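The values are calculated or read from the model by the stated rules, or taken from the named source; none is laboratory data. Just so you know, these numbers come straight off a predicted model, no measurement behind them. Don't worry about glycine lacking a Cβ; one is built from the backbone with ideal geometry, like all the others, and counts go over all protein chains shown.
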Amino acid sequence: MSRFWDFVGGTLDCRLDTPAPERFMNLCHSRKIYLADISSSGQQTRFRIGLKDYRKIRPVVRKCHVVPKIIRRRGLPFLLYRNRRHKAFFAGIIIALALLWLLSGYVWDIEIQGNAVHTDETLAQFLAEIDIHTGQRKSSVDTSWLEEELRLKYEDISWVSARIEGTVLKIELKEAKVLTPEDENAQTGNIVAWQDGVIASMVTRNGTARVAVGDTVKAGDLLIEGRVDIIGDDEAVKNTHYVRADGDVYARVTYHCDDYYPAYYIEKNFTKNKKYQVNFEVFGNRLTVGKAALPEPDDGDVYSYDEVSQVTKYRLTKNFYLPFAIQIKTVRQYTPETVYYTDGELDALGQAAIEKKLAELEADGAKIISQDLQTVKEKEYYAIRGNIEMVIPIGKFEAADAAGVQESR
């Protein structure tokens with residue numbers, strides 16, 4: 001028996017005082033009366049039986065001349081019986097369950113994931129324009145239609161998925177670079193260099209390579225031509241096909257780094273002046289208590305203000321949000337003070353900036369060969385300067401018609 005159904009149906013822990021309980025057990029088994037957790041100690045046998053089965057053992061008791069003694073009662077039937085006078089309590093439970101069931105049919109939170117170019121606020125505003133918002137019935141949200149609307153509105157969204165889990169509308173999307181109509185529909189074109197460098201390696205999948213490993217190229221030079229010549233037995237060109245050039249071209253390049261960072265930070269010396277504002281949101285309606293604004297000082301001093309908002313959304317489970325939220329906004333007054341980093345701190349910050357720069361280049365596909373980056377300290381800033389030798393993808397597609405491919409030769 002499962003624990004849930006044991007609780008719903010009720011169970012009894014019983015004790016049987018007899019040196020030979022076998023006949024009792026066999027008769028219960030033949031009548032399909034289920035006994036669980038059977039244990040023996042001397043002339044006592046303990047077992048657990050369901051409330052419904054307990055009502056069936058009267059014929060067995062008569063034949064065996066033994067009466068099981070009830071030790072403990074468990075489950076919902078006994079709980080209801082013990083609390084039969086507390087009708088309001090159980091009515092409250094029923095009302096709460098009904099309210100939860102009603103709330104489960106609505107969307108109370110919207111989660112957006114995967115967006116980098118478009119902010120949550122921008123997407124939320126568009127969702128409101130197409131009448132997608134919290135507080136609406138889940139049955140009124142057509143996720144397929146919503147996905148199509150997002151793709152039509154934002155051309156750079158290459159993939160979008162919308163689904164409802166619990167009371168949460170989850171929207172996942174991927175943003176991609178938008179190709180111009182010329183690039184997207186181009187049937188022919190070349191691969192050209194977008195930066196100066198020395199060719200380190202190349203793979204030509206479609207077209208004709210016009211450079212070789214070790215060649216020095218400049219930005220705009222032709223790397224792979226979108227042209228394939230058909231050569232006859234006499235090594236003469238018999239025919240020419242103009243294609244869309246495709247391939248990977250890597251070049252060794254020198255990148256000069258000259259990045260600047262402030263050599264100070266602003267320390268906030270907070271005063272005792274602070275204000276709180278509490279916003280209660282219930283079923284989409286907002287009630288504001290307090291005013292998060294501090295008056296301007298009369299002593300002529302210059303102050304700044306720091307504002308922090310903390311939002312608490314209530315939920316029963318991971319995906320079952322309730323239509324209740326509290327936002328506490330705190331505004332504190334402070335005096336800004338410029339604090340300059342020490343030499344040791346600047347050394348540590350410079351090393352961290354160098355490591356971050358190299359990591360960003362490697363994340364973009366660069367293979368670092370060597371670097372001589374150094375931290376240069378000034379009073380108001382510190383800079384990361386030096387050269388980085390690396391191998392990077394250097395080719396880019398340039399659309400052209402057949403005539404343009406031919407002219408590129």
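Being closer than 16 Å to Asp37 by Cβ and not in a strand (DSSP E or B) is the filter here, so list the residues in the stretch 1-26 that pass it.
Residues satisfying the conditions are Met1, Ser2, Arg3, Trp5, Asp6, Phe7, Gly9, Gly10, Pro21, Phe24, Met25.
In the stretch 231-282, which residue that is closer than 22 Å to Tyr303 by Cβ and of a type in the set (Ser, Thr, Tyr) is farthest from the chain's Cα centre (by Cα)?
Here the residue is Thr271.
Can you find even one residue in the stretch 136-151 that is of a type outside the set (A, V, I, L, M) and in a loop (DSSP other than H, G, I, E, B)?
Checking the stretch 136-151: at least one residue is of a type outside the set (A, V, I, L, M) and in a loop (DSSP other than H, G, I, E, B).
Scan the stretch 301-352 for residues that are surrounded by fewer than 14 Cβ atoms within 10 Å (Cβ to Cβ), assigned to a strand (DSSP E or B) and not acidic (Asp, Glu) and report the count.
Counting residues in the stretch 301-352 that are surrounded by fewer than 14 Cβ atoms within 10 Å (Cβ to Cβ), assigned to a strand (DSSP E or B) and not acidic (Asp, Glu) gives 14.
For (1) basic (Lys, Arg); (2) in contact with a strand residue (DSSP E or B) (Cβ under 7 Å, 6 or more places away or on another chain); (3) without any contact (Cβ under 8 Å) to a residue 24 or more places away in the chain, each residue gets a yes or a no:
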site: Phe78; (1), (2), (3): no, no, no
site: Ala88; (1), (2), (3): no, no, yes
site: Ile94; (1), (2), (3): no, no, yes
site: Gly105; (1), (2), (3): no, yes, no
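Can you name the residue in the stretch 144-170 that is without any contact (Cβ under 8 Å) to a residue 40 or more places away in the chain and more than 21 Å from Val117 (Cα to Cα) and, of all such residues, is surrounded by the fewest Cβ atoms within 10 Å (Cβ to Cβ)?
Per the stated criteria, the residue is Ser144.
Does the stretch 107-135 hold any residues that are outside any strand (DSSP E or B), touching a residue at least 60 places away in the same chain (Cβ under 8 Å) and out of contact with any Ser or Thr (no Cβ under 7 Å at 6 or more places or on another chain), and which are they?
Correct list: Gly114, Asn115, His133, Thr134, Gly135.
Out of the residues in the stretch 72-92 meeting the condition of being touching a Leu at 6+ places or on another chain (Cβ under 8 Å) and not in a loop (DSSP other than H, G, I, E, B), tell me which one is farthest from Arg3 (Cα to Cα).
Result: Phe90.
Among the numbered conditions (1) in contact (Cβ under 8 Å) with a residue 24 or more places away in the chain; (2) surrounded by fewer than 17 Cβ atoms within 10 Å (Cβ to Cβ); (3) under 36 Å from the mean Cα position of the chain (by Cα), tell me where Arg385 comes up short.
Here Arg385 clears every test but (3).
Kindly provide the set of residues from the stretch 289-313 that are among the charged types (D, E, K, R) and either modelled with pLDDT of 75 or more or within 30 Å of Glu111 (Cα to Cα) (or both), ordered by number.
Lys291, Asp306, Glu307, Lys313
Within the stretch 225-278, which strands (runs of 3 or more DSSP E) (wholly inside it) include 2 or more residues that are farther than 30 Å from Ile328 by Cα and among the aromatic types (Phe, Trp, Tyr)?
It comes to 246-262.
Going through the stretch 1-42 one residue at a time, which ones are among the polar types (S, T, N, Q) and in contact (Cβ under 8 Å) with a residue 12 or more places away in the chain?
Matches in the stretch 1-42: Thr11, Thr18, Ser40.
Between a first residue in the stretch 268-282 that is under 27 Å from Thr338 (Cα atoms) and a second residue that is basic (Lys, Arg), which pairs have beta carbons less than 6 Å apart while being 6 or more apart in sequence or on different chains?
Once the first residue is under 27 Å from Thr338 (Cα atoms) and sits in the stretch 268-282, its partners that are basic (Lys, Arg) give Phe270/Arg332; Lys274/Arg332.
Scan (1) of a type in the set (Gly, Ala, Ser); (2) closer than 30 Å to Thr204 by Cβ; (3) part of a strand (DSSP E or B) for the single condition Gly386 breaks and write down its number.
Condition not satisfied by Gly386: (2).
Would you please list the contacts, defined by Cβ atoms under 7 Å and residues six or more apart or on different chains, that run from a residue in the stretch 312-336 that is farther than 15 Å from Arg286 by Cα to a residue that is modelled with pLDDT under 85 and outside any strand (DSSP E or B)?
Sorted first by the residue in the stretch 312-336, then by its partner, the pairs are Val331/Ala292; Val331/Ala293; Val331/Leu294; Gln333/Leu294; Gln333/Tyr303; Tyr334/Tyr303; Thr335/Tyr303.
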